[in-house]
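Contents: one structure, followed by commentary.
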Amino acid sequence: AAPTNHQETPVSITATGPARTTAIPFHAITLIVAGVAAVVTFGTGWAMLSAPAMFLGWIAYGVTGDTVRHRYANLASYVIGLVFAAATTLVINRLQPSLGLAATGIAIFGLVAIVMCLRALPLFNYPPAYFLGITSFFYAGHAPTVATVIALATAGAVGASGAALADYCQSRFLAR
C-alpha cells in the first residue's frame with residue numbers, strides 16, 4: 001500500500017537511496033530544490049563567483065551529516081581543502097625546478113596524507129569534504145592567492161547556504 005502524506009519517508013537532497021513518496025510531494029520537492037538552485041546559481045553568476053565552486057560547496061554541505069552543525073563542519077572542511085590546495089600549489093611551484101614532475105607527486109602525497117589523518121578529528125572528520133575543496137581549487141586553475149581562496153570559499157558558502165535553504169524549504173513543505 002502507498003504511504004499516506006503523514007507516513008511518507010522524507011526526501012532530502014542529502015538523502016541516499018530511494019525514498020518512497022507520493023507523486024505530488026516528490027515533484028513539489030523537486031521543484032523547490034530546482035528553484036533554490038536556480039536562484040543561487042543566478043546570484044553566483046551575478047556576483048561573478050565560480051558556479052562549479054558553488055555546486056561543490058553545495059555538495060560538501062549535503063554529502064553527509066545528521067545536523068546542520070555537521071553539515072557546516074563539512075563546509076569548513078571544504079574551505080580548509082581550498083587552503084590546502086593553494087599551499088600544495090606553492091609547494092609544487094617551489095619543488096618543481098629541482099624535482100621536475102616528481103614535485104607534483106610528492107606534494108600530492110603529503111596533501112592526501114594530511115587530509116586522511118584529519119579523519120581522526122571530531123566533527124571535521126570527513127575527507128571527501130576536504131577533497132571537494134581541493135578539487136574546487138585545482139579545477140579553477142587560478143593562482144594560489146588569498147583572493148582566490150576567498151572567492152572560491154565565498155562561492156562554496158553560497159552553495160552550502162543554498163543547500164541549507166533547500167533542506168529547510170522541503171522540511172517545511174513536508175511538515176504541512
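The values are calculated or read from the model by the stated rules, or taken from the named source; none is laboratory data. Since this is a predicted model, take the numbers as computed values, not measurements. Here Cβ is always computed from backbone atoms with ideal geometry, including for glycine, and neighbour counts include all displayed protein chains. The protein model used for the area step is the full one, side chains on, heavy atoms only, and it has no ligands, DNA or RNA in it. Shrake-Rupley method; radii C 1.70, N 1.55, O 1.52, S 1.80 Å.
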If we ask which residues in the range 106-132 are touching a Ser or Thr at 6+ places or on another chain (Cβ under 7 Å) and closer than 19 Å to VAL68 by Cβ, their number turns out to be 3
Could you grab me the full set of residues in the range 41-61 that are part of a helix (DSSP H, G or I), more than 15 Å from TYR168 (Cα to Cα) and open to solvent by less than 60 Å² (accessible area, probe 1.4 Å)?
-> THR41, GLY43, THR44, GLY45, ALA51, PRO52, ALA53, MET54, LEU56, GLY57, ALA60
In the range 80-138, how many residues are touching a residue at least 60 places away in the same chain (Cβ under 8 Å) and farther than 26 Å from TRP58 by Cβ?
-> 0
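The rows are residues; the columns are (1) basic (Lys, Arg); (2) modelled with pLDDT of 85 or more; (3) under 15 Å from the mean Cα position of the chain (by Cα).
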| site | (1), (2), (3) |
| --- | --- |
| PRO18 | no, no, no |
| ILE24 | no, no, no |
| ALA34 | no, yes, no |
| THR44 | no, yes, yes |
